[in-house]
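The values are calculated or read from the model by the stated rules, or taken from the named source; none is laboratory data. Values in this document were obtained by computation on a predicted structure and should not be read as measured data. Every residue, glycine among them, receives a Cβ derived from its backbone with ideal geometry; neighbour counts consider all protein chains shown. Surface accessibility is based on the protein's heavy atoms, side chains included, excluding ligands, DNA and RNA. Shrake-Rupley method; radii C 1.70, N 1.55, O 1.52, S 1.80 Å.
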Amino acid sequence: MADTIAAAATAMTASGIGIIRMSGPDSRKIAGKIYRSKGGKKKIEEVSTHTIHYGFICDGDEVIDEVLVMVMDGPRSYTGEDTVEIDCHGGVLAMKRVLETVIKYGARPAEPGEFTKRAFLNGRIDLSQAEAVIDIINAKNEYALKSSVSQLRGNIQRAVKNIREGIIYQIAFIESALDDPEHISIDGYGETLKEEVKKQKKAVQKLLDTVREGKLLKEGIKTVIVGKPNAGKSSLLNLLVGEERAIVTEIAGTTRDILEETIVLSGISLRMIDTAGIRNTEDVVEKIGVGKAIEHAKDADLVLYVVDSSVPLDENDEEIIQLVKEKKAVVILNKTDLDQVVFEQELREKTGQPVVPISAKEEQGIDDLEQQIKDMFFDGELSFNDEIYITNLRHKTALEEAKKSLELVEDSIEMQMPEDFYSIDLMNAYEALGSIIGEAVGEDLVNEIFSKFCTGK
Amino acid sequence: MNRLVEEYDVAVVGAGHAGCEAALACARLGLNTIMFTVSVDSIALMPCNPNIGGTSKGHLVREIDALGGEMGKNIDKTFIQSKMLNVSKGPAVHSLRAQADKQEYTRQMRRTLENTENLTIRQAEVTEIMAEDNRVTGVKTYSGAEYHTKAVVLCTGTYLKARCIYGDVSNYTGPNGLQAANYLTDSLKKLGIEMYRFKTGTPARIDRRSIDFSKMEEQKGDERVVPFSFSTDPEDVQIDQVSCWLTYTNEKTHEIIRENLDRSPLFSGMIEGTGPRYCPSIEDKVVKFADKNRHQVFIEPEGLSTNEMYIGGMSSSLPEDVQYAMYRSVPGLENAKIVRNAYAIEYDCINARQLYPTLEFKNIKGLFSGGQFNGSSGYEEAAAQGLIAGINASMEILGKEMLILDRSEAYIGVLIDDLVTKENHEPYRMMTSRAEYRLLLRQDNADLRLREKGYQVGLVTKEQYDYVLWKKKVIAEEAERMEHVHVGAVPEVQQLLEKYESTPLKNGISLADLIRRPELTYDILAPLDKKRPDLPEDVREQVNINIKYDGYIKRQLKQVEGFKKLETKKLPEDLDYNEISGLRIEAKQKLNEYRPVSIGQASRIAGVSPADISVLLVYMESYRRHR
């Protein structure tokens, strides 16, 4: 394995310590660049293997975190490769910053299951575990794939596609001219291309700025609010979000689109998804909403089940209760300001989940709900979804690679290299961007050449 | 039963560009070889364009030559004009193209074949491939004669159930009215081979005396001709060359075509085969690129002893009368007399994913194939595959390791990998953009890349191989020396720089750094380099390229390193992918169908994801440890 990978080795929860792990030939070198001992003299490159070092992780002059660094050279390490583990402060923020620093200085975000894969391929995991290893790789891949494709915001996907289209057109033009110089001339094309590349680079930069704000992928604990129509799902969401987002009316079934909002409770980010009420309906538009609600709830990290305490439970509730039983969930007994016909005890027994009574209308019980969610998080029942986070990091790395490749094209133009050199780096940029939206290159170029340019005898 | 029965080591079916290379390779490697053709007069026939080489195809010819093939030598002896294309671009895309004297080309190749030991030429139509227990045993001809062999190489080109079409006229013949092979397809299907039907076309040939060249632009050959073959003396190819001519279609031409589209067999549905996108007929171009008001037309001589001229850029399957009107609307062709009509040709070929990268059929041992039969197009693509198929048929019989070139070693590697790994729905043509490591796969270094392989196989002489070893050593030494020879800002240096409009020096600099300037070369700097050894031109060229582009070359070398890792991880032939839990269903199906030879090849199959590759890696590691 030629490159060095990095990832969080412990869950990104609000625990005391977190571990960031690197594996690969450059592990020590990268750690050396960002580690500073208390006296400032110790060098990670020179310390003995299997030793622990107290110090700080720094990005240049900026101190990122106070850490313990463990150096383990291969083959006596988890992966069998040179490995460095950084014990930093736990919690999402600290771990993120250390991981990002490691990547900034040359490590690559690990692919799903890659540590395990390397450990196995290097003979560090027993043969009997082969199937388990495959399962881990598959499960993680499936999750990453799901998150990278479905969680990618539509406008980001469009932006990446646009940039790629622009780039492949340029490559196809250059290549068709190289392939058929007697039909198509690209003499002096450098100037035109320079403008194009500048434009594309700007677009990539814009996306990079977006990542910096953490918006490329939707991070956070995926939280779905379910409940039958008019139970008060939208009102609860509005309360938590703090502004009028969902349309709240007294008519059952008015929240038709899936609304989404990220809220932060004491540093825990919840990605709230409001859905149309779950009920058996003949209304086509609403049916789509209901289907989606069940689907969303099924792969949610946390389900908030809102019950209208003023009306009796019906078959819709039974269906939801079946779903809720299997999930991490909080049951919210709403409308406690009205006469109650459904009670806390009954729901707790039916669902096996904690129940919090609230009145969304009177804005009562919200604090208890927040406390309940916080407790679940700190008890480790809920955790930060680091697979999505690391996918985000992979995307960022890919964008940076695309940007670098475009800069290399600019250099080639500047240095008056022949035109065929331009397409090499343009292709690299195209590939890097493709990895974000899950598209391989395949026959793209050949198809583009044939569809856009008239070549051939 | 009285019938002829003969024994040979290898039978080669077909005597086109693939068949010739295959037969020569087998015979030269000492195997008793028989080559079948429907007509001995059509050996190495060029039924379409009268040239060899061109962008990326020139690379193939160079590689064929470096491996010990014949095409480069044959065109060097029979060309009538030669041009290095893309000389203003980087060295990776320089491509040699020569106009051939078609009849001479054929005659010369036939002479070579007829004078090769161990090689028998037989005019007969092969109608059946004989096989037992998934192993080829020989071929049968139309007369019922049997030829028992250890291997068979199929190079049937465009002859299988061939049909030529223009307008509403169609003939069941091969190119140029030659006899088609109508029985072999059925025999192949019986062996379980999946067939495709492809289509291609050719333009009309026009009598030179009826063309007004004063209305066209003359296209001359290069002043200094570079030979194709590494063993041709460059002095031998400095001949008097003939010209080609350039003219254009116009709105009138396009109008004639548009008005008669309904009479085209393409539009009427009479043609079923899939045609190539890169080589569209003029009617395709007019329809698809409607905004272009003219298309180039190249008028190329077919040889020195004929008046026929090839009308490049105007292949067609329109009816005869429309062809006349269309050609005559082009400036210079107003009084054109057609000698041969343009036509489209349909033929049977195979789905090449049934082949290993050795070009042997996966389900029939000893059966190999090359050329248009495999779904490619072009003389050069055919010859390259013929050579590899011939070599590997021989290696199998001789019990030696087969030759597989990978994508980082040769265009031939790219060509074959694409054919056997990717879905191919049209005749496949080589293009430089298909080669991801093209900076390394230059036409100028084909000998450095492949002579050794040719030597190992046995088609390259010790002397030729030793020269390459010497050349590699000298190139490395001289490139290294350039890094260490420094010049200062003295008048002699500044004057030379000024002459080439290069920025004058402020401090000392190595000659290598000067070579890296776009306007300077290794040769230009000779006057500043007092201790420069006297080196041949091919060595100087390599030194220059290696220094000038070393940054890019190093980057590609690094990419190749990563590529090679998966390529060297071999997959067993008998692996049952259904047994591997963890592979997705689509991946299982594709892998069972394609049976890739390496994890690298598996990774290029559409429908196999990176996660599947991880699973394969883990599985293969446990498979290895189990054994």
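Given points 7 Å out from each Cα along the Cα-Cβ axis, report the A:ASP411 to B:ARG516 separation in nanometres with one decimal.
1.0 nm
Got a sec? Charge dipole of chain B, +1 on Cβ for Lys and Arg, -1 for Asp and Glu; which of B:THR120, B:ILE193, B:SER408 is way out at the positive end?
The Cα lying farthest towards the positive end belongs to B:SER408.
Once the Cβ-Cβ distance between B:ASN2 and B:GLU561 is put in as r, and R0 is 51 Å, what FRET efficiency do you end up with, to the nearest 0.05? Could the numbers behind the result be given before it?
Numbers: r = 62 Å, r/R0 = 1.22.
E between B:ASN2 and B:GLU561, to the nearest 0.05, is 0.25.
Kindly write out, for the stretch B:450-460 in residue order, the coupling ³J(HN,Hα) from the Karplus curve 6.51 cos²θ - 1.76 cosθ + 1.60 (θ = phi - 60°), rounded to whole Hz, with x marking Gly and Pro.
For the stretch B:450-460, the Karplus-derived couplings read 10, 4, 4, 4, x, 5, 4, 5, x, 9, 10 Hz, x marking Gly and Pro.
Once the Cβ-Cβ distance between A:ASP375 and B:ASN363 is put in as r, and R0 is 60 Å, what FRET efficiency do you end up with, to the nearest 0.05?
After rounding to 0.05, the efficiency reads 0.40.
Hey, which of these cross-link pairs are over 21 Å Cα-Cα: B:LYS220/B:LYS285; B:LYS161/B:LYS190; A:LYS117/B:LYS564? Display every interim value, and only then the final one.
Working: B:LYS220/B:LYS285 27 Å; B:LYS161/B:LYS190 16 Å; A:LYS117/B:LYS564 19 Å.
Correct reply: B:LYS220/B:LYS285.
Per residue of the stretch B:288-303, in order, report the coupling 6.51 cos²θ - 1.76 cosθ + 1.60 (Karplus, θ = phi - 60°) as ³J(HN,Hα) in whole Hz, putting x for Gly and Pro.
6, 10, 4, 7, 7, 8, 7, 10, 6, 10, 9, 9, 10, x, 8, x
What number comes out for accessible area per residue over the stretch B:462-556 if the probe is 1.4 Å? Units Å², please. Before the final figure, lay out the partial values.
Details: 5340 Å² over 95 residues.
For the stretch B:462-556, the per-residue accessible area is 56 Å².
Once you have a ≥ b ≥ c as the square roots of the Cα gyration tensor eigenvalues for the stretch B:506-549, tell me rounded if a/c is under 1.5, and otherwise prolate or oblate according to whether a/b is larger than b/c.
Numbers: a/c = 2.26, a/b = 1.28, b/c = 1.77.
The shape class here is oblate.
For chain B, build the charge dipole from Cβ charges (+1 Lys, Arg; -1 Asp, Glu) around the Cα centre, then report which of B:ILE338, B:MET216, B:ASN351 sits farthest towards its positive end.
B:ASN351
Once you have a ≥ b ≥ c as the square roots of the Cα gyration tensor eigenvalues for the stretch B:211-275, tell me rounded if a/c is under 1.5, and otherwise prolate or oblate according to whether a/b is larger than b/c.
Numbers: a/c = 5.54, a/b = 1.90, b/c = 2.92.
Here the stretch B:211-275 falls in the oblate category.
Explain nothing, just compute: Karplus ³J(HN,Hα) = 6.51 cos²θ - 1.76 cosθ + 1.60, θ = phi - 60°, for every residue of the stretch A:414-419 in order, whole Hz, x for Gly and Pro.
Result, ordered by residue: 4, 7, 6, 6, x, 4 Hz.
Evaluate the relative contact order of the stretch B:205-343 (contact order divided by residue number), counting alpha-carbon pairs under 8 angstrom at least 6 apart; express in whole percent. Walk me through the numbers before you get to the answer.
Details: 209 pairs, mean separation 53.8, N = 139.
In percent, rounded to a whole number, it is 39.
A:ILE263 versus B:LYS252, label points 7 Å from Cα toward the beta carbon: distance in nm?
Rounded to a tenth, the inter-label distance reads 7.9 nm.
For the stretch B:569-626, rounded, prolate or oblate, judged on the Cα gyration tensor with a ≥ b ≥ c (square roots of eigenvalues), a/c < 1.5 rounded, else prolate if a/b > b/c? Mind showing how you got there, number by number?
Details: a/c = 1.40, a/b = 1.31, b/c = 1.07.
The shape class here is rounded.
Around B:THR137, which amide H atoms from residues at least 5 apart in sequence, or from another chain, sit under 5 Å from its own amide H, with H modelled in the peptide plane?
B:MET130, B:ALA131, B:GLU132
Which one, B:ILE524, B:GLN556, B:MET482, projects farthest toward the positive side of the charge dipole computed for the stretch B:462-556 from Cβ point charges (K/R +1, D/E -1)?
B:GLN556
Quick one: putting +1 on the C-beta of Lys and Arg, -1 on the C-beta of Asp and Glu, what dipole do you get for the stretch B:555-618 around its Cα centre, in Debye to the nearest 20? Walk me through the numbers on the way to the answer.
Details: 11 positive and 9 negative charges, 90 e Å.
Using Cβ point charges on Lys, Arg, Asp and Glu, the stretch B:555-618 gives about 440 debye.
I'd like to compare B:529-539, B:120-130, A:325-335, B:363-373: which one has the highest average count of other Cβ atoms within 10 Å, and what's the full order after that?
Numbers: B:529-539: 11.6, B:120-130: 18.6, A:325-335: 20.5, B:363-373: 25.7.
So the peptides B:529-539, B:120-130, A:325-335, B:363-373, ranked by packing, come out B:363-373, A:325-335, B:120-130, B:529-539.
Determine the per residue accessible area of the stretch B:569-626 with all protein chains present and a 1.4 angstrom probe, expressed in square angstrom.
Numbers: 2600 Å² over 58 residues.
Counting only protein heavy atoms, the per-residue value for the stretch B:569-626 is 45 Å².
Averaged per residue, what accessible surface does the stretch B:96-245 expose to a 1.4 Å probe, in Å²?
Working: 7020 Å² over 150 residues.
Value for the stretch B:96-245: 47 Å² per residue.
Kirkwood hydrodynamic radius of the stretch A:5-110 from all distinct Cα pairs, in Å? Walk me through the numbers before you get to the answer.
Numbers: mean 1/r = 0.0753 Å⁻¹.
13.3 Å is the Kirkwood radius here.
I need to check one value: relative contact order of chain B, counting alpha carbon pairs closer than 8 Å and at least 6 residues apart, in percent. Before the final figure, lay out each step's value.
On the way: 1322 pairs, mean separation 100.7, N = 627.
Contact order relative to length: 16 percent.
Given a 1.4 Å probe and no ligands, DNA or RNA in the count, how much accessible surface is buried by B and A, both sides, to the nearest 100 Å²?
Numbers: alone 26840 and 22470 Å², together 44810 Å².
Buried area between the two chains comes out at roughly 4500 Å².
Given the pairs B:LYS506/B:LYS548; B:LYS83/B:LYS473; B:LYS453/B:LYS554, which span a C-alpha to C-alpha distance of over 27 angstrom in this model? If you can, show how the numbers build up before the last one.
Details: B:LYS506/B:LYS548 21 Å; B:LYS83/B:LYS473 30 Å; B:LYS453/B:LYS554 23 Å.
Among B:LYS506/B:LYS548; B:LYS83/B:LYS473; B:LYS453/B:LYS554, the Cα-Cα distance tops 27 Å for B:LYS83/B:LYS473.
What span do the alpha-carbon atoms of the protein assembly as shown cover on each of the three principal axes, reported in whole Å from largest to smallest?
For the protein assembly as shown, the Cα spread along each principal axis is 106, 79, 64 Å.
If you take every residue apart from A:SER77 with its C-beta less than 15 Å away from the C-beta of A:SER77, what net charge results, scoring Lys and Arg +1 and Asp and Glu -1? Can you show the working numbers first?
Numbers: positive: A:ARG21, A:ARG28, A:ARG76, A:LYS117, A:ARG118, A:ARG124; negative: A:ASP26, A:ASP73, A:GLU81, A:ASP82, A:GLU85, A:GLU114.
It works out to a net charge of 0.
Given a Förster distance of 22 angstrom, what is the FRET efficiency for A:GLU344 paired with A:ASP314, based on the Cβ-Cβ distance and rounded to 0.05? Intermediate values should be presented prior to the final figure.
Values: r = 19 Å, r/R0 = 0.85.
Efficiency, rounded to the nearest 0.05: 0.75.
Out of the total accessible area of the protein assembly as shown (probe 1.4 Å, heavy atoms of protein only), what percent is carbon and sulfur?
On the protein assembly as shown, the fraction of accessible area on carbon and sulfur atoms equals 49 percent.
Using a cut-off of 12 Å between beta-carbons, work out the net charge of the residues near A:PRO181 (Lys and Arg +1, Asp and Glu -1, A:PRO181 not included).
Details: positive: B:LYS83, B:LYS89, B:ARG97; negative: A:GLU175, A:ASP179, A:ASP180, A:GLU182, A:ASP187, A:GLU419, A:ASP420.
Net local charge, A:PRO181 excluded: -4.
When the Kirkwood radius is taken over all Cα pairs of chain B, what Stokes-Einstein diffusion coefficient follows at 10 °C and 1.306 mPa s, in µm²/s? Numbers along the way, then the final one.
Numbers: Rh = 26.3 Å.
Rounded to a whole number, D works out at 60 µm²/s.
Straight-line reach from A:LYS396: which lysines have Cα under 18 Å away, leaving out those fewer than 8 places along the same chain?
Answer for A:LYS396, where 18 Å is the Cα cut-off: A:LYS96, A:LYS104, A:LYS146, A:LYS161, A:LYS201, A:LYS202, A:LYS206, A:LYS215, A:LYS218, A:LYS404, listed by chain and number.
In a shell of Cβ-Cβ distance under 13 Å around B:VAL153, excluding B:VAL153 itself, what net charge do Lys and Arg (+1) and Asp and Glu (-1) give?
Details: positive: B:LYS150; negative: B:ASP9, B:GLU21, B:GLU360, B:GLU396.
In short, -3.
Treating the beta-carbon of each Lys and Arg as +1 and of each Asp and Glu as -1, no other charges, what is the dipole magnitude of the protein assembly as shown about its Cα centre, to the nearest 20 debye?
Values: 138 positive and 172 negative charges, 370 e Å.
Dipole of the protein assembly as shown, to the nearest 20 debye: 1780 debye.
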